[in-house]
Amino acid sequence: MRTKSENPVQQTSSTTVTDSSSTASMDPIFHLIRILPFSFLRPPRLRLKLPSISLPSSNVVFALVLLTYFMVVSGIVYDIIVEPPGIGSTQDPYTGAVRPVVFMSGRVNGQYIIEGLSSGFMFVLGGIGIIMLDLALDKNRDRSVKVSYASAGISSIVLAYVMSMLFIRIKIPAYLR
Amino acid sequence: MAVTTSTPTSPPSMAQDLLNSLPKTLKLKTKQQELLIRVATLGLIYILAFITRLFSVLRYESMIHEFDPYFNYRTTLYLTEHGFSEFWNWFDSDSWYPLGRIIGGTLYPGLMLTAAALYKILHFLRFAVHIREVCVLTAPFFASNTAIVAYFFGKEVWDSGAGIVAAALIAICPGYISRSVAGSYDNEGVAIFALLLTFYLFVKAVNTGSLSWSLASAFGYFYMVSAWGGYVFIINLVPLYVLVLLIRFVGFQHVQSGEHMAAMGVFFLLQAAVSCGSDIWIVLQVFFFLDWVKHLLGDVKLFQAFLRITVTGAVSVGAIALGVGMASGYISPWTGRFYSLLDPTYAKDHIPIIASVSEHQPTAWSSFMFDFHILLFLFPAGLYFCFKRLSDATIFVVMYGLTSMYFAGVMVRLILVATPAVCLISAIAVSATVKNLTRVVRAKVQTLQSGSGKGTSASKGSSKGVIDNSQPFQKNGAMLLLLGAFYLLSRYAIHCTWVTSEAYSSPSIVLAARGAHGQRVIFDDYREAYFWLRQNTPPDAKVMSWWDYGYQITAMGNRTVIVDNNTWNNTHIATVGRAMSSYEDEAYDIMKSLDVDYVLVVFGGVTGYSSDDINKFLWMVRIGGGVFPVIKEPDYLVNGEYRVDKGAAPKMLNCLMYKLSYYRFGELTTEYGKPPGYDRARGVEIGNKDIKLEYLEEAFTTQNWIVRIYKVKPPKNR
């Protein structure tokens, strides 16, 4: 619940900016510092302005959120702690050649770095597909833009779902059997 | 939720007669139809959430699963037999011999009290059920309740359609099912219900501003605190959320103004040692208190003076309190488990016992996929919809979702806490998308005549989402997409049921495998061994085993154990670990000092069971070596590799754990075509087949050699 502003914010901030530099300040550390070094040191007169922090727009925040989601779902914490190799390797028993293994098999909670990143990418792609589908169904656009959004969205979702199913089937051979 | 009434064009006369012959009461208005459908759906979801968790009851029997639930069951039994005040002041000398354990003060009583209350209610209604049945079915019952709360929560955040989808998603989501199957009698089964209830009541209080909802939310939080240690999540999330709302609506000025800066800094420092949540609470209290005082005092100068005096006084008192607290040790830093959430590498380097628990491992992508499936796609889409329509409630849900997803990424076990948020946000995505699509499907087609501009149908039609007549495929396309959406949701349901049936319904105490001809083979060795202990050992016998089995031995075997799953005393566990990793004579001295009568080991070499003590042995070495430097891990490895065959390290081949696991195993042929002494779990022939025990003798080995019990011989007469 928001407090109704009986005390307008701007007024207090302007008064306190001047007051904090005067003797009427109630900040004890300020008083302490005023006595100890600055009774004999003279601070130079500078023209400094506190930088004004403005809230970022919701699009920027959403992009950051998507990026964080991608990292978490790719298992980045697992990568940092367990430090698996980027890609596994197995040796062919007959020829002796070293073959790469993309999906760590044997357990559900284990991955190589690249498999984690590609799966995370598929998940985010699916999410973006649904978002594009919603943008396509928005009324106030040209028809061509809507069609391209819709087709991009549908193809993203289909691709992401098919690839995710493929990945999980490779990783866990007994899946859905 | 406007529903257009369908006007029948020209029904055949027979149907017309039938319709007219129905009594007036059965013909429902649209609103009542909608209510009926909604209530019927929620009823079905309630039943579904319950029955999908009953796989193991149907396959095996109604029994308690795993390890921790056995402790909870034992305490609930004690509570129903002896009453609350005995339970609250219970000192248990049956575990952690010779230290004992203060049970009353070290557990979360919410779960036990809930189950005991249900038991008492059922007995009052003259249903004479055993407390074990109540315990087994508590978690599915509360899962059904959680689904209903999710419906109300979704209704609060978005609309009732999203609520129903949320209830349906959470009823079958594997992330929640994993900790709330029938038989999994653990704190989380009740705690997730309390968590969602608290959050729902809190959002309701934020939306309505009423005091009664906030009071209800406080009671919900009290229930949560009594049920699970995860209440820390609530107490940190809620103040963070309030801070975000403040910043969003009031702006940065309050935070920036100089008069608060230094004082706030000191306040932060003061509270940092105790809890981050109350830290932010204090800051918020400061905000509102100062605003109120400013309003009261009126005069600005007076207020400044008041502020000066208060802040100086508070800072000095706080500094003195902090100094005294730190010096006397009263204020302690964060416990290891919670600290490892913020710094995930901490446990790996410093506390091996936390790092060894498999639930505490960080999460790989496949665990996410297993537990969430489609919801992983719907979650970012749902976030997008929430950002599109920002309100107090959606901000809360977004924050809950993001923070819980981060923690779920750090620890597998916490996927459970993220599940309600993910289900809610995905439900928003599903509901919004389906609404969009159905709007297109049901839109009236604009006729060519209205293109001239005058007809009333044109003006009415345009408000309902008219589509251009030149795209007839739009309706069909939307229909196809709707079918696609339903296909995806049905795949989700199939996945959830499969995962529940195959992965999360195992009681862990009873093992199952496929025989040679595909038939199901059951290994009930654990309960066989515990029952043997109960029947064939003196009542005051002490059993030494690795801490995993402590709760089960105390609950089912009814014997005193040295260490159990509570793992509160690392040195005691390290002593047991040292005993297991030493040569037999050193281990005998340690066992004699602990008064051990029996030793229990779990061995999977005959059945191929891979969670046995030999596979856990390195953790015993690490934990023992963490406290007693005489145990060194490299002694047991060969070139960094852990082996049990001929090439294994000599210390490994002669340590107590090896001897107890493989005693007489060298004579046994386990697999056709392999030499005797072939270990099926490690896939190698063991190195030391001729094992002689000097200080212990074999007391019991179960049918499939999974649990082996040895008796410690008394010292020789001199």
query: Can you name every residue in the stretch B:399-411 that is out of contact with any Gly (no Cβ under 8 Å at 6 or more places or on another chain), in contact (Cβ under 8 Å) with a residue 24 or more places away in the chain and facing another protein chain (nearest Cβ under 8 Å)?
result: B:Met405, B:Ala408, B:Val410
- request: Of all residues in the stretch B:613-646, count the ones that are closer than 23 Å to B:Ile553 by Cβ and crowded, with 22+ Cβ neighbours inside 10 Å.
  value: 7
- request: Considering each residue of the stretch A:147-174, count those that are touching a residue at least 40 places away in the same chain (Cβ under 8 Å) and surrounded by fewer than 21 Cβ atoms within 10 Å (Cβ to Cβ), and give that number.
  value: 5
B:Ile354 vs. criteria on the phi < 0 side of the Ramachandran plot, assigned to a helix (DSSP H, G or I), more than 11 Å from chain A (Cβ to nearest Cβ) and at pLDDT below 75: yes
query: Looking at B:Leu437, B:Leu383, B:Leu424, which one is at the interface with chain A (Cβ under 9 Å from one of its Cβ atoms), of a type in the set (A, V, I, L, M, F, W, C) and within 19 Å of B:Tyr241 (Cα to Cα)?
result: B:Leu383
statement: Going through the stretch B:210-251 in order, the residues found to be away from chain A (no Cβ under 13 Å) and of a type in the set (Val, Ile, Thr) are B:Val225, B:Val232, B:Ile234, B:Ile235, B:Val238
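Out of all the residues in the stretch B:103-110, is one or more among the polar types (S, T, N, Q) and out of contact with any strand residue (DSSP E or B) (no Cβ under 7 Å at 6 or more places or on another chain)? It would help to see each step written out before you state the result.
Here is the first cut: in the stretch B:103-110, the ones among the polar types (S, T, N, Q) are B:106.
With the extra rule that they be out of contact with any strand residue (DSSP E or B) (no Cβ under 7 Å at 6 or more places or on another chain), the set shrinks to B:106.
The answer is yes; a qualifying residue exists.
Just one of A:Val162, A:Val158, A:Val147 is at pLDDT below 95, among the β-branched types (Val, Ile, Thr) and on the phi < 0 side of the Ramachandran plot; which is it? Give the derivation first.
Details: A:Val162 fails: at pLDDT below 95; A:Val158 fails: at pLDDT below 95.
Selected residue: A:Val147, the only one of A:Val162, A:Val158, A:Val147 that is at pLDDT below 95, among the β-branched types (Val, Ile, Thr) and on the phi < 0 side of the Ramachandran plot.
Do you know which residues across the stretch B:178-218 are among the charged types (D, E, K, R) and either surrounded by fewer than 23 Cβ atoms within 10 Å (Cβ to Cβ) or part of a loop (DSSP other than H, G, I, E, B) (or both)? Before the answer, list the steps.
First, the residues of the stretch B:178-218 that are among the charged types (D, E, K, R): B:179, B:186, B:188, B:204.
Answer for the stretch B:178-218, where residues must be among the charged types (D, E, K, R) and either surrounded by fewer than 23 Cβ atoms within 10 Å (Cβ to Cβ) or part of a loop (DSSP other than H, G, I, E, B) (or both): B:Arg179, B:Asp186, B:Lys204.
Given the residues B:Tyr97, B:Tyr108, B:Tyr60, which is the only one that is farther than 29 Å from B:Val596 by Cβ, over 23 Å from the mean Cα position of the chain (by Cα) and surrounded by 13 or more Cβ atoms within 10 Å (Cβ to Cβ)? Quick ask: steps written out before the conclusion?
Values: B:Tyr97 fails: farther than 29 Å from B:Val596 by Cβ; B:Tyr108 fails: over 23 Å from the mean Cα position of the chain (by Cα).
When all the criteria are applied, what remains is B:Tyr60.
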message: Could you go through the stretch B:534-544 and let me know if any residue there is among the hydrophobic types (A, V, I, L, M, F, W, C) and part of a loop (DSSP other than H, G, I, E, B).
response: yes
message: Condition first: at pLDDT 70 or above, within 25 Å of the chain's Cα centre (by Cα) and more than 30 Å from B:Phe617 (Cα to Cα). Can you find one or more residues in the stretch B:319-328 that meet it?
response: no
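Looking only at the stretch B:672-718, filter to residues that are aromatic (Phe, Trp, Tyr) and surrounded by 17 or more Cβ atoms within 10 Å (Cβ to Cβ); which one of those is farthest from B:Trp532 (Cα to Cα)? Full working, then the answer.
Here is the first cut: in the stretch B:672-718, the residues aromatic (Phe, Trp, Tyr) are B:672, B:678, B:695, B:700, B:705, B:710.
Narrowing the set further to residues that are surrounded by 17 or more Cβ atoms within 10 Å (Cβ to Cβ) leaves B:678, B:695, B:700, B:705, B:710.
On the way: B:Tyr678: 27, B:Tyr695: 22, B:Phe700: 8, B:Trp705: 14, B:Tyr710: 12 Å.
Only one residue fits best here, namely B:Tyr678.
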- request: Kindly indicate whether any position in the stretch B:90-101 is more than 22 Å from B:Gly550 (Cβ to Cβ) and among the polar types (S, T, N, Q).
  value: no
- prompt: Looking only at the stretch A:156-177, which residues are farther than 27 Å from B:Met405 by Cα and touching a helix residue (DSSP H, G or I) at 6+ places or on another chain (Cβ under 8 Å)?
  reply: A:Ala174
message: Criterion first (part of a helix (DSSP H, G or I) and at pLDDT 85 or above) does B:Ile425 satisfy it?
response: yes
statement: Cβ pairs under 6 Å, 6+ apart or interchain, first in the stretch A:116-130 and more than 7 Å from chain B (Cβ to nearest Cβ), second surrounded by fewer than 21 Cβ atoms within 10 Å (Cβ to Cβ), ordered by first then second residue, are A:Met122/A:Met163
message: I'm checking my understanding of the structure. Among residues of the stretch A:131-176 that are closer than 15 Å to B:Ala485 by Cβ and among the hydroxyl-bearing types (Ser, Thr, Tyr), which one is nearest to the other protein chains (Cβ to nearest Cβ)?
response: A:Tyr161
message: Which numbered condition in (1) of a type in the set (D, E, K, R); (2) in contact with a Gly (Cβ under 9 Å, 6 or more places away or on another chain); (3) on the phi > 0 side of the Ramachandran plot is the only one that B:Arg664 fails?
response: (2)
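Going by the conditions given, is B:Leu414 more than 10 Å from chain A (Cβ to nearest Cβ) and touching a Phe, Trp or Tyr at 6+ places or on another chain (Cβ under 7 Å)?
Working: more than 10 Å from chain A (Cβ to nearest Cβ): yes; touching a Phe, Trp or Tyr at 6+ places or on another chain (Cβ under 7 Å): yes.
Criteria met by B:Leu414.
Determine whether the stretch B:670-692 contains at least one residue that is in a helix (DSSP H, G or I) and not small (Gly, Ala, Ser).
The answer is no; no qualifying residue exists.
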- request: May I ask you to say which residue of B:Gly608, B:Gly666 is in a helix (DSSP H, G or I) and of a type in the set (Gly, Ala, Ser)?
  value: B:Gly666
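The values are calculated or read from the model by the stated rules, or taken from the named source; none is laboratory data. Bear in mind the structure is a predicted one, so any value in this text is a computation, not a measurement. Cβ sites come from the backbone with ideal geometry, for glycine too, and all protein chains shown count toward neighbours.
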